[in-house]
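These notes concern the structure reproduced below.
The values are calculated or read from the model by the stated rules, or taken from the named source; none is laboratory data. Values in this document were obtained by computation on a predicted structure and should not be read as measured data. Please note: Cβ atoms are built from the backbone with ideal geometry, for glycine as well, and neighbour counts cover all protein chains shown. Note: areas computed on protein heavy atoms with side chains; ligands, DNA, RNA excluded. Shrake-Rupley method; radii C 1.70, N 1.55, O 1.52, S 1.80 Å.
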Amino acid sequence: QVQLVESGGGLVQAGDSLRLSCAASGRTFSRNIIGWFRQALGKEREFVAAISWSGGTTYYADSAKGRFTISRDNGKNTVALQINSLKPEDTAVYYCAAGSPILVVSIRGYDLWGQGTQVTVSS
């Protein structure tokens, strides 16, 4: 059974940092891209960042550039999302997803999703 499990979320204050982790169990090699998305209450799920398992190519939403860093550890089958200088507007459930999308920013290209981890940023 292939699955993704996120961890690392929590309640933090504005300006803090968090490191989210996505652990992949099972064989995900057919899905070359791991992406992070987030969904705030009442809003649509939006792309944050993605990385390729093979070459480590990274992709970021414009809103994520500068404060978000995605990285992978192939040996441990994990993908991390480092978030610095957190803002209240970063409050959301963060999901990792795996797939082979044509367009990495689109949720349609990802067919395996984790359960999500809540990030709440207080002002």
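Looking only at region 108-123, count how many residues are in contact with a Lys or Arg (Cβ under 8 Å, 6 or more places away or on another chain) and surrounded by fewer than 18 Cβ atoms within 10 Å (Cβ to Cβ).
Going through region 108-123 one residue at a time, the tally reaches 2.
Across region 81-104, which residue is farthest from residue 42 (Cα to Cα) among those that are assigned to a strand (DSSP E or B) and open to solvent by 10 Å² or more (accessible area, probe 1.4 Å)?
Going residue by residue through region 81-104, those that are assigned to a strand (DSSP E or B) are 81-83, 92-99.
Narrowing further to those that are open to solvent by 10 Å² or more (accessible area, probe 1.4 Å): 82, 93, 95.
Working: 82: 24, 93: 11, 95: 16 Å.
The residue in question is 82.
Within region 2-31, track down each residue that is buried (at least 17 other Cβ atoms within 10 Å of the Cβ), assigned to a loop (DSSP other than H, G, I, E, B) and at pLDDT below 95.
Scanning region 2-31 gives 28, 31.
All but one of (1) more than 18 Å from residue 114 (Cβ to Cβ); (2) in contact with a helix residue (DSSP H, G or I) (Cβ under 8 Å, 6 or more places away or on another chain); (3) not aliphatic (A, V, I, L, M) hold for residue 65, so report the exception by its number.
That leaves (2) as the condition not met.
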